[in-house]
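Report on one structure; see the data block that follows.
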Amino acid sequence: MKRTFDIVMSALLLLIFSPIMIGTAIAVRLDSPGKALYTQTRVGRGLRPFRIYKFRSMVADADKIGGHSTHKGDARVTKVGRFIRKTSLDELPQLLNVLKGDMSLVGPRPDVPAQESQYEPYEWIKRHRVRPGITGLAQATLRSAAKPGERTRLDLEYVDTASVWRDIVILGQTARQVLGRGGY
């Protein structure tokens, strides 16, 4: 049921947001040199690696300049990048990851492999029992303000309580977060 929900909703959202995605791709390309889409290896369900798609919000080769996470005022983030991060437009290409089956609309945000060291072994294994999501419980409730420990606690709580109904509630909460206060 969850996978069917993901397929139907991601296809519908791709159709609805395609004009915005085209505009975002153009804005990214005009703002700074480099490709509009950024791909990166992330860890998926069952610890399987996959390539995540995002609109590029940082300068080209930003991962070679700094670490895997960003902070408020990070100089690697471009002008357009600040806007698409605040509005979460940078995440829209992940709807393709959902269609492919690498991700779900809702689940723990996918980590890069290097983040494994930030978890206890049982936490790392548990959070990868489900597909990672475009949004998750931590993003829906705390947005960018979630501290690593809070995010882990909420990710593990989601794994224990995942359901289609819970996903619908989390998607609604995420929409309120993005429309209400955005990210940083």
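The values are calculated or read from the model by the stated rules, or taken from the named source; none is laboratory data. What you are looking at is a predicted structure, and each value in this text was computed from that prediction instead of being measured. We place every Cβ from the backbone using ideal geometry, glycine too, and count neighbours over all the protein chains shown. Side chains are part of the model used for accessible areas, which takes the heavy atoms of the whole protein and leaves out ligands, DNA and RNA. Shrake-Rupley method; radii C 1.70, N 1.55, O 1.52, S 1.80 Å.
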Virtual spin-label span in nm between Ala75 and Leu37, 7 Å along Cα→Cβ: 3.1
Compactness index (Cα Rg / 2.2 N^0.38 Å), the chain: 0.98
Whole-Hz couplings from phi, Karplus 6.51/-1.76/1.60, listed for region 16-21; x for Gly and Pro: 5, 8, 4, x, 5, 5
Sites Ser144 and Leu30, calculated FRET efficiency, Cβ-Cβ separation with R0 25 Å, nearest 0.05: 0.45
Sequence ranges 28-39, 80-91, ranked by mean other-Cβ count within 10 angstrom, highest first: 80-91, 28-39
Pair Leu12, Arg153: separation of 7 Å Cα→Cβ label points (nm): 3.4
Built amide H within the under 5 Å cut-off of Gly133, gap 5+: Ser104, Gly107, Arg109
Protection proxy ranking, peptides 12-22, 151-161, average beta carbon neighbours within 10 Å, highest first: 151-161, 12-22
Portion, in percent, of the accessible area of the chain that falls on carbon or sulfur, probe 1.4 Å: 63
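Measuring with a 1.4 Å probe in the full set of protein chains, what accessible area per residue, in whole Å², belongs to the chain? Could you put the intermediate results ahead of the total?
Working: 9880 Å² over 184 residues.
Accessible area per residue: 54 Å².
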For region 69-138 and region 1-36, distance of Cα centres in Å: 15
Leu47-Arg176 pseudo-label distance in nm [points 7 Å out on the Cα-to-Cβ vector]: 3.8
